[in-house]
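First up is the structure itself, then whatever we jot down about it.
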Amino acid sequence: MWTLTPEEWTAVHLSLRISLVATLAALPFGIAIAWLLARKQFWGKSLLDALVHLPLVLPPVVTGYLLLISFGRRAPVGSFLYETMGIVLSFRWTGAALACAVMGFPLLVRAARVSFESVDPRLEQAAATLGANRLWTFATVTLPLALPGVIAGAVLCFAKALGEFGATITFVSNIPGETQTISAAIYTYTQVPGGEGPALRLVVIAIVIAIGALVASEWMARRAGNRAYGLE
Amino acid sequence: MMLAVDVEKRLGAVEIAARFETGARGTALFGPSGAGKSSVINMIAGLVRPDRGRIALGEEVLFDSAARIDVPAHRRNIGYVFQEGRLFPHLTVSQNLRFGRWMHGVGRDAEMEARIVEMLNLGALLPRRPGRLSGGERQRVAIGRALLMRPRLLLLDEPLASLDAGRKAEILPYLERLRDDGGLPLVYVSHQPDEVRRIATAVVRMEAGRVVAVGGLDLLGTAA
């Protein structure tokens, strides 16, 4: 009962890979946009804020459909990526990673933004008087102090990616071995007779991964927090 | 080295208009709270941008609104000791002290480091983090951090204001030594005449955003 079939292993493996790639790809953009929203005033700021949050409020199917009509093989962005770099996203695991990154992005940006806002700008001024330009100030003062929140945001993004279903299945379908993640596999098994066993096994694995990610993030954030507040 | 300041800045309802020149080793910006003293040294440091005016240190113009010159804070090489220390909480004392040298990309001067650590009595603090230091210890580290970047001018914004009398008495001798060692001019912001008497030789008196008098220590006597 508790041994996984090769197909189920593939789904687990694929889910982890997609979620990890989605989180790592979202991270630099998420950090940059969170910092911009926390620290800068510029024209179109509320528009950018709304755009970032859109995947959170739109039905996931709508987000998936928007990805399909822009990143599909014949769609404007998709065909450009294919013709210039040979990158195909639609119906590939890379496309699933893109969908998951888009869906997890608002969670990452929200957590990181709050964290950047809580960094005392007077410490950044102190860094400037000591000769640090803006980039160095960010790298040596702002980012290390905001790290607990950035880590928390990354874990939320990872968890969201792991559970993503609607946008992924709309954009890249449900192809075993290519785009069938744990969530999609569970859904498939519940639709066929005799699928209860495999579905239950994958449900347990999903729970274990989610709790593991939460515990790991709590530990990392606490460590980073202790460092940031000078208690370690 | 002459420091020439002539700046105007509107900050909310307060209009700051400050003009003075000083070549003294220890210059005090003296006046009641809210007189605009901190704003003036923030403009010297490059942290606040004046609306109009000119700031020059020796031959170098740091700010000139007419000539559109505004050297950014990180290139002014002016040390700053803040009222609350502003040590980096995620770095050890020793890393805080080395921060300025890293940012300027200058090599290590072990002799200078040892001298400053000895002068400020920081040896025992080096491996610790700022979160667990006392207020007096923090200010000593902040002074050391500013000195180790080898500034050409040192600004101190009420560095003793958050300390009790005992801690003040602990820091003041270090500041006196600093002034007497020569080489590095100090600009010291305070509203405490007794502190100013010990540190400064020249006084710039400010009230309500304006410089009302420039002169010697005799200016302190008539202050409220």
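Throughout, read-outs are computed from the coordinates displayed, never taken from laboratory work. Fair warning: this is a prediction, and the values are worked out from it, not measured in the lab. A quick note on method: Cβ atoms are made from the backbone with ideal geometry, for glycine too, and the neighbour counts reach across all protein chains shown.
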Kindly express, to the nearest 10 degrees and within the range 0 to 90, the angle between helix A:93-117's C-alpha long axis and the longest C-alpha principal axis of chain A. 30
10 Å Cβ neighbours from other chains, averaged over peptide B:130-143: 1
Run the reach check for B:Lys168 against lysines, Cα to Cα strictly under 24 Å, same-chain hits fewer than 8 apart removed. What comes back? B:Lys37
Give me the net charge of B:Asp51's neighbourhood, meaning all other residues with Cβ under 9 Å from the Cβ of B:Asp51; Lys, Arg count +1, Asp, Glu -1. +3
Go through the stretch A:27-41 residue by residue and turn each phi into a ³J(HN,Hα) via Karplus (6.51, -1.76, 1.60, θ = phi - 60°); whole Hz please, and just put x for glycine and proline. 4, x, 5, x, 5, 4, 6, 4, 5, 4, 5, 7, 10, 10, 10
Relative contact order as a percentage, the stretch B:9-65, C-alpha pairs under 8 Å and 6+ apart, gives 24
State the dimensionless ratio Rg/Rh of the stretch B:93-150 (Rg: radius of gyration of Cα atoms; Rh: Kirkwood radius). 0.94
For the stretch B:6-18, what does the Karplus curve 6.51 cos²θ - 1.76 cosθ + 1.60, with θ = phi - 60°, yield as ³J(HN,Hα) per residue in whole Hz, taken in order and with x for Gly and Pro? 8, 10, 10, 7, 9, 10, x, 8, 8, 9, 9, 9, 10
Note the angle between two axes, namely the Cα long axis of helix A:45-57 and the longest principal axis of the Cα atoms of chain A, as a number of degrees from 0 to 90, rounded to the nearest 10. 30
Binned at 10 Å from zero, the C-alpha pair distances of the stretch B:164-224 give percents of 19, 50, 28, 3
Counting pairs of Cα atoms in chain B, how many percent are more than 24 Å apart? 42
Per-residue Cβ contact counts at 10 Å, fewest first, order A:Trp136, A:Trp43 as A:Trp43, A:Trp136
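For Cα pairs less than 8 Å apart in space and 6+ apart in sequence, what is the mean separation divided by the residue count of chain A, i.e. the relative contact order in percent? If you can, show how the numbers build up before the last one.
Details: 299 pairs, mean separation 68.6, N = 232.
Over chain A, the number comes to 30 percent.
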The set of residues whose placed amide H lies less than 5 Å from the amide H of B:Gly26, leaving out same-chain residues fewer than 5 positions away, is B:Leu186, B:Thr201, B:Ala202
Calculated [θ] (222 nm, deg cm²/dmol) that DSSP helices of n ≥ 4 give over chain B, each run adding -39,500 (n - 2.57): -9500 deg cm²/dmol
5 angstrom amide H check on A:Gln180, placed H, neighbours 5+ away: A:Ile175
Rg in Å to one decimal, and Dmax rounded to a whole Å, for the stretch B:14-106 via C-alpha atoms: 15.2, 43
Distance from the stretch A:13-33 to the stretch B:85-110 (C-alpha centre basis), Å: 34
Residues B:Asp51, A:Asp49 arranged by fewest to most Cβ contacts within 10 Å: B:Asp51, A:Asp49
Return the distance in nm (one decimal) between the two label points of a simple spin-label model at B:Arg150 and A:Phe80, each offset 7 Å from Cα along Cα→Cβ. 5.0
Coil-residue GluC sites (Glu not before Pro) of the stretch B:1-104, DSSP, other Cβ within 10 Å capped at 16: B:Glu59
Of A:Leu89, A:Leu123, A:Leu108, which is the most mobile in a GNM of chain A whose springs link Cα atoms less than 10 angstrom apart? A:Leu123
At what distance in angstrom do the alpha carbon centres of the stretch A:154-232 and the stretch B:1-60 lie from each other? 57
Could you state the principal axis extents of the C-alpha atoms in chain A, from the largest down, to the nearest angstrom? 68, 44, 30
Ranked by GNM mean-square fluctuation in chain B (Cα springs under 10 Å), the top entry among B:Gly26, B:Gly123, B:Gly105 is B:Gly105
If the cut-off is a Cα-Cα distance under 17 Å, which aspartates and glutamates reach A:Lys160, setting aside same-chain residues fewer than 8 apart in sequence? A:Glu218
Please average, across the residues of B:77-87, the number of beta carbons from any other chain that are within 10 Å of each residue's own beta carbon, and give a whole number. 3
What residue among B:Gly46, B:Gly79, B:Gly58 has the largest mean-square fluctuation in a Gaussian network model of chain B, using Cα springs under 10 Å? B:Gly58
So in chain B, what percent of DSSP beta bridges are antiparallel if you round to the nearest 5? 60
10 Å Cβ neighbours from other chains, averaged over peptide B:88-96: 5
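Find the all-direction average of the projected area of the Cα convex hull for the protein assembly as shown, expressing the result in square nanometres with one decimal place.
Orientation-averaged projected area of the Cα hull: 28.2 nm².
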Rounded to the nearest 10 degrees, what's the angle between the helix B:165-180 long axis and the longest principal axis of chain B, both from Cα atoms, 0 to 90? 80
